[in-house]
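Working notes, structure below.
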Amino acid sequence: MRALRILLIFVVILGGLFVIADRVAVNFAEDEVADKVRSTENLASTPDVSINGFPFLTQVAGGELDDVEVGIDGYEASTGNGDEKIRIADLRADMKGVEFSGDYSSATAATATATVAYDELMKAAKSEPTDIAPGITAKVIGLSDGGNGKIKVSLQATVLGVELPKPVEVLSSVKVKDDDVEVVADGLPEIGGKQLAESRIRAITDFQQTIDELPGGIRLDKVEAAKDGVEITVKGSDVKLAG
């Protein structure tokens, strides 16, 4: 019995040491991945990285990590308009099947969610007065949550030199088209008691915002209006985690 107790104590100690070694190794690996992502994407701050699954060391031995989560705050994506950038808040990527070859270089698949604030999306809207009819100009002065997945587009209109006392509001649908977030008005408003030519008013209400050069080559998949901005979902395969 004494020998059995000693054996059990030994097994418990050994198991505890393995858990400690496993956690030390995973923490080191998370720091390594975070540094590589920060360097590759030229980030101002180090992202949060979590390597899920236990034990970590057996995943390393198998050459592939099951699930790696990467969180990036304030990622600046390309708008396709020169050096102009669009800020993406709280980008959270979940990467599956990350190959382990000493540098955690790639993942077989990834999905991510993020938010683009309405003031960032405004960069693509017509914020300068534009002629939409004889004697009538309009410009976009704000975007907000219109409820039920819609965006509310607020227009400031001027009729014969007189600014209307209240903004003209238009509910719009939002969707992904190629690498763009596309905003399209569901209906056309009357301004100054006039029904305007569709092409003229849509030149103000409808617009597209390119969101390109996302981390690891992931691409836009879905978009939906929410309280603080548009919530986007991105995905990709054979994703470059760091290089």
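The values are calculated or read from the model by the stated rules, or taken from the named source; none is laboratory data. Quick caveat, the model's predicted, so the values are computed rather than measured. FYI the Cβ positions are ideal-geometry reconstructions off the backbone, even for glycines, and counts take in every protein chain you see. For accessibility, only protein heavy atoms count, side chains too; no ligands or nucleic acids. Shrake-Rupley method; radii C 1.70, N 1.55, O 1.52, S 1.80 Å.
Which of the residues spanning the stretch 190-217 are open to solvent by less than 20 Å² (accessible area, probe 1.4 Å) and closer than 13 Å to I132 by Cβ?
Residues satisfying the conditions are I191, L196, I201, I204, T205.
Just name the residue that is nearest to the chain's Cα centre (by Cα) out of those in the stretch 181-204 that are in contact (Cβ under 8 Å) with a residue 24 or more places away in the chain and under 17 Å from G149 (Cα atoms).
The selected residue is V181.
Return the total of residues in the stretch 112-141 being within 21 Å of L220 (Cα to Cα), of a type outside the set (S, T, Y) and assigned to a strand (DSSP E or B).
Of the residues in the stretch 112-141, 4 are within 21 Å of L220 (Cα to Cα), of a type outside the set (S, T, Y) and assigned to a strand (DSSP E or B).
Within the stretch 54-69, can you find the residues that are free of Cβ contacts under 8 Å to residues at least 40 places away in the same chain and on the phi < 0 side of the Ramachandran plot?
Going through the stretch 54-69, the residues free of Cβ contacts under 8 Å to residues at least 40 places away in the same chain turn out to be 54-58, 61-67, 69.
Within the stretch 54-69, F54, P55, F56, L57, T58, A61, G62, E64, L65, D66, D67, E69 qualify.
Within the stretch 40-53, can you find the residues that are surrounded by 13 or more Cβ atoms within 10 Å (Cβ to Cβ), without any contact (Cβ under 8 Å) to a residue 60 or more places away in the chain and touching a helix residue (DSSP H, G or I) at 6+ places or on another chain (Cβ under 9 Å)?
Result: L43, T46, P47, D48, V49, S50, I51.
Could you list all residues from the stretch 161-172 that are touching a residue at least 24 places away in the same chain (Cβ under 8 Å), open to solvent by 40 Å² or more (accessible area, probe 1.4 Å) and closer than 21 Å to E224 by Cα?
L171
So which residues in the stretch 145-160 are in contact (Cβ under 8 Å) with a residue 12 or more places away in the chain and either of a type in the set (V, I, T) or farther than 15 Å from F207 by Cα (or both), if there are any at all?
If the condition is that a residue be in contact (Cβ under 8 Å) with a residue 12 or more places away in the chain and either of a type in the set (V, I, T) or farther than 15 Å from F207 by Cα (or both), then D145, G146, G149, I151, V153, Q156, A157, T158, V159, L160 are the ones that fit.
Among A117, A61, A44, which is the only one that is aliphatic (A, V, I, L, M) and touching a strand residue (DSSP E or B) at 6+ places or on another chain (Cβ under 7 Å)?
Testing whether each residue is aliphatic (A, V, I, L, M) and touching a strand residue (DSSP E or B) at 6+ places or on another chain (Cβ under 7 Å) leaves just A117.
Take the stretch 113-128 and flag every residue that is loosely packed, with under 15 Cβ neighbours inside 10 Å and over 17 Å from the mean Cα position of the chain (by Cα).
S127, E128 - these are the residues of the stretch 113-128 that are loosely packed, with under 15 Cβ neighbours inside 10 Å and over 17 Å from the mean Cα position of the chain (by Cα).
Could you tell me which residue of the stretch 221-243 is nearest to the chain's Cα centre (by Cα), considering only residues that are at pLDDT 85 or above and crowded, with 21+ Cβ neighbours inside 10 Å?
The qualifying residue nearest to the chain's Cα centre (by Cα) is I232.
Considering only the stretch 58-83, how many residues are farther than 24 Å from T210 by Cβ, acidic (D, E) and open to solvent by 70 Å² or more (accessible area, probe 1.4 Å)?
So the answer is 3.
Could you name every one of the strands (runs of 3 or more DSSP E) located completely within the stretch 6-104 that has at least 3 residues being basic (K, R) and modelled with pLDDT of 75 or more?
In the stretch 6-104, the matching strands (runs of 3 or more DSSP E) lie at 85-99.
Quick one: which strands (runs of 3 or more DSSP E) sit completely within the stretch 142-241 and have at least 1 residues that are of a type outside the set (D, E, K, R) and more than 24 Å from N81 (Cβ to Cβ)?
Output list reads 150-159, 168-177, 229-240.
Given the conditions (1) of a type outside the set (V, I, T); (2) surrounded by 17 or more Cβ atoms within 10 Å (Cβ to Cβ); (3) under 17 Å from the mean Cα position of the chain (by Cα), report the number of the one that K177 does not fulfil.
(2)
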